Structures are given as structure tokens and as C-alpha cells.
1. Taking the conditions exactly as written (at pLDDT 95 or above, surrounded by fewer than 18 Cβ atoms within 10 Å (Cβ to Cβ), at negative phi and among the charged types (D, E, K, R)), does K76 satisfy them or not?
2. Take the residues in the range 23-38 that are assigned to a strand (DSSP E or B) and among the hydrophobic types (A, V, I, L, M, F, W, C); name whichever of them is farthest from L67 (Cα to Cα).
3. Conditions: (1) among the hydrophobic types (A, V, I, L, M, F, W, C); (2) open to solvent by 60 Å² or more (accessible area, probe 1.4 Å); (3) closer than 15 Å to G87 by Cβ; (4) free of Cβ contacts under 8 Å to residues at least 60 places away in the same chain. M70 meets all but one. Number of the miss?
Amino acid sequence: VPIFTYGTITGSNNNIMGNIQGAFDNVPTEAFTKYQSDLKTAGWTITVATQSTSGFEIDATKGARTLVAMFVSTQKTGLTGAVTYNGHGS
């Protein structure tokens, strides 16, 4: 899984319903295109990529593994949200 290097990490958890999650604040808007590129370079397939003024979401798969990067815009911390990785498949 490509490391999400955009913004400021604010927390992590390795047991969100069996998933691993990293939380971030102050994520720049360009993280939307840059992280998609990081994922594609690492062999991931982008299944959802949506962006609006309120934030963005990227869903990706690689074999049975899944990843969701979801961020919303806030006044205080800019784009804030999390990257959630499931290495177990469905």
C-alpha cells in the first residue's frame, strides 16, 4: 500500500472492524490526483474517484485488498479524513 504522505497525520488504528486506518488533517487538494497516481504505480485499480468542493473519495482494489481514502473540507483543518485499508478481502 502506498504511504499517504499528504497532510498531517492525526491518528491511527489497526482495528477498525479488522481494517487499518490513518487519520489526516490539512490535506492539500492535489492529494486527490497525486495519491491516485501513487496507487496506480503500485498496481492498484481505482474503482471510485470523485472530487467536489466539499472533499474527495478514492476507492481502490488490488486482488482481494481494498482501500478507501475519504476526505471532507472543514474551515478549521482544511481537508480532513482518513485512509482505510482492508488486507483481508471480503
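The values are calculated or read from the model by the stated rules, or taken from the named source; none is laboratory data. This structure is a prediction, so every number in the text was calculated from the model and none was measured. Heads up, the Cβs are rebuilt from the backbone with ideal geometry, glycines too, and the neighbour counts pull from every protein chain shown. Surface areas here come from the heavy atoms of the whole protein model, side chains and all, with no ligands, DNA or RNA. Shrake-Rupley method; radii C 1.70, N 1.55, O 1.52, S 1.80 Å.
1. Details: at pLDDT 95 or above: no; surrounded by fewer than 18 Cβ atoms within 10 Å (Cβ to Cβ): yes; at negative phi: yes; among the charged types (D, E, K, R): yes.
Answer is no for this residue.
2. This residue is V27.
3. (3)
Yes/no per residue for (1) surrounded by fewer than 16 Cβ atoms within 10 Å (Cβ to Cβ); (2) part of a loop (DSSP other than H, G, I, E, B); (3) among the hydrophobic types (A, V, I, L, M, F, W, C):
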{"site": "N15", "(1), (2), (3)": "yes, no, no"}
{"site": "Q21", "(1), (2), (3)": "no, no, no"}
{"site": "K40", "(1), (2), (3)": "yes, no, no"}
{"site": "G43", "(1), (2), (3)": "yes, yes, no"}
{"site": "V48", "(1), (2), (3)": "yes, no, yes"}
